[in-house]
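Report on the following structure.
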Amino acid sequence: MNPGLSDAMPPLASPFATTHWSVVICAGGSGTPEAEAALEKLCRAYWPPLYAYVRRTGQQPADAQDLTQAFFERLLANGRFGSADQSRGRFRTFLLSSLKNFLVNEWRRNNRMKRGSGSANLSFDCAPEEQLFAREPATQESPDVLFERRWATRLLEKAVDAVRNDYLRARQIELFEAVIPAVWGDSDAESYGQIAASLGTTEGAIKVAAFRIRQRFRERIRDTVASTLPDPSDEAEVDAEILHLQNVLRVKVPSAD
């Protein structure tokens, strides 16, 4: 293993070829199987924050799962994503406001859809989300606050997965898995010297590898965040959203320093 091989990391794909909003608009306008499949994939990627919101409103796990699935099935089955207005702002805001309307209009009138009654066949594994929910502090924080926290966590997870896939494609996954705990400042992480010894390289090479992982992560988190905004090329908006996510999580995105 030679950490210097990270010079051969594949370049980032065009970051804004497909934004969340473009998927929604395409699915709403074309109705093609490809567009619908892309939209369903998007729903599967971003259901956890909405599930967390429903749980914090007081619903039990089974009911929260039913409601979250019914919400997405209703949107997919009725093509209601087609009426989404990109000019109204961030994708997370659109999803949360849509969920709130669903709960008011459907759940309070006791007119909940049954599982699988829509055209989509969505099924979510809520066990990991329940574990996260159980670890949430017992506070008076609103469901909106929990939604924001889980949304931020989801974006970070997606960015980390994207970087991991970058290193997997470059056949450097062992390097990535060894260095990433130190990059994140894990108190139990091995030192750069220990990592270097385990990989048969130098401490200097590991420091360079850590720098490159931080740099790639910053690129990926910007890409991930930008894809949720109305104008992904607006650098000021991307910066503002990243700052918001940091404040929500009370953490800093690793710098390239």
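Values for this structure:
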{"read-out": "For the stretch 145-257: relative contact order, % (alpha-carbon pairs under 8 angstrom, 6 or more apart)", "value": "32"}
{"read-out": "Candidate aspartates and glutamates for bridging to LYS207, where Cα separation is under 13 Å - those fewer than 8 sequence places away on the same chain excluded", "value": "GLU190, ASP257"}
{"read-out": "Alpha carbon convex hull of the stretch 182-257, projected area averaged over orientations, nm²", "value": "5.9"}
{"read-out": "Environment charge of ALA236, counting only residues whose C-beta is closer than 15 Å and scoring Lys/Arg +1, Asp/Glu -1", "value": "-4"}
{"read-out": "Residue order, fewest to most surrounding Cβ atoms within 10 angstrom, among TRP21, TRP184", "value": "TRP184, TRP21"}
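The numbers here are math on the coordinates, done by the rules we state, and not lab data. Everything quoted here is computed from the prediction, not taken from an experiment. Methodologically, a virtual Cβ is constructed for each residue, glycine included, from the backbone with ideal geometry; neighbour enumeration extends over all protein chains shown.
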